[in-house]
Amino acid sequence: MGCLRALFVQVGCLLLLVAAAVLGFLYRRPLWDAYKRFRGQRPVATAAYAAPSPSASRRAEDVLARFARRGGPAYVDLTAADVAGLLDRELARPSRGILDSVQVALDSGVVLVRGVLDLSQLPSGVLGPLAGRMGGHERIEAGGPLSAADGSLRWLPTRLSIRDFPFPRRAIPPLLRSLRLSTGTEGALPIPGVSGVGDVRVVPAGVRLYRVERP
């Protein structure tokens, strides 16, 4: 009798684990958003994304040229569309079609980026065990801070997901390099064409770049 009872307990535990796994898969997005709220992060779905546009790109170039000029303003402001133009230039174009439809949203201290990834062009092994569950074009979402270093600007993705599957942080730099992107040892992406930056602040309303304070 005791053996049967132990067997029923084991079967019951197994069924509970299977049910938990199925429910976790079906409700992975709400659970992931709840986890991010617990960590103090706003769910990406609530952020207002902006796509790059020729007018925004021209405006961003003008603003940055004025900022870098000798005697330029102490700070300049960029919109989400301006940042989308910069990141589209540095993310989508070098990838040669692997990454497309780049959009940007701004949160407190964080730049959020989403786009469409052509998985068929990624090297084998980059996605690890998820490779068999994905194919074709999938949505990619990433987020991380902007920072200033030696007068330049860089973006460091600290979280990334494809479809709704989050990747560990250590897996982000290899994935970015598979997109033909030049990254530092920490996985930070330099933003060329931006110079003289001493500090940067990111809020939902925009990005503010401060000039390097010169003696």
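Before moving on, here are some points about what is shown:
- Of the residues making up segment 155-180, those that are aliphatic (A, V, I, L, M) and either more than 24 Å from Ala65 (Cα to Cα) or not assigned by TED's automatic domain parsing to the domain that holds Glu141 (or both) are Leu160, Ile162, Ala171, Ile172, Leu175, Leu176, Leu179.
- Applying the criterion of being in contact (Cβ under 8 Å) with a residue 24 or more places away in the chain and under 11 Å from Val207 (Cβ atoms) to the residues of segment 59-80, the residue that is surrounded by the fewest Cβ atoms within 10 Å (Cβ to Cβ) is Asp77.
- Residue among Arg93, Arg114, Arg89 that alone is within 27 Å of Val197 (Cα to Cα) and modelled with pLDDT of 90 or more: Arg114
- Restricting segment 125-155 to residues that are closer than 15 Å to Pro174 by Cβ and buried (at least 20 other Cβ atoms within 10 Å of the Cβ), the residue that is modelled with the highest pLDDT: Ala142
- Among the residues making up segment 158-213, those that are of a type in the set (Gly, Ala, Ser) and within 20 Å of Asp62 (Cα to Cα) are Gly193, Ser195, Gly196, Gly198, Ala205, Gly206.
- Of the strands (runs of 3 or more DSSP E) lying entirely inside segment 164-206, those carrying at least 3 residues that are of a type outside the set (A, V, I, L, M, F, W, C) and either farther than 18 Å from Leu119 by Cβ or touching an Asp or Glu at 6+ places or on another chain (Cβ under 6 Å) (or both) are 197-203.
The values are calculated or read from the model by the stated rules, or taken from the named source; none is laboratory data. Just so we're clear, the structure is a prediction, and the values are computed from it rather than from any experiment. Neighbour counts are summed over all protein chains in view; Cβ atoms, including those assigned to glycine, are modelled from backbone coordinates with ideal geometry.
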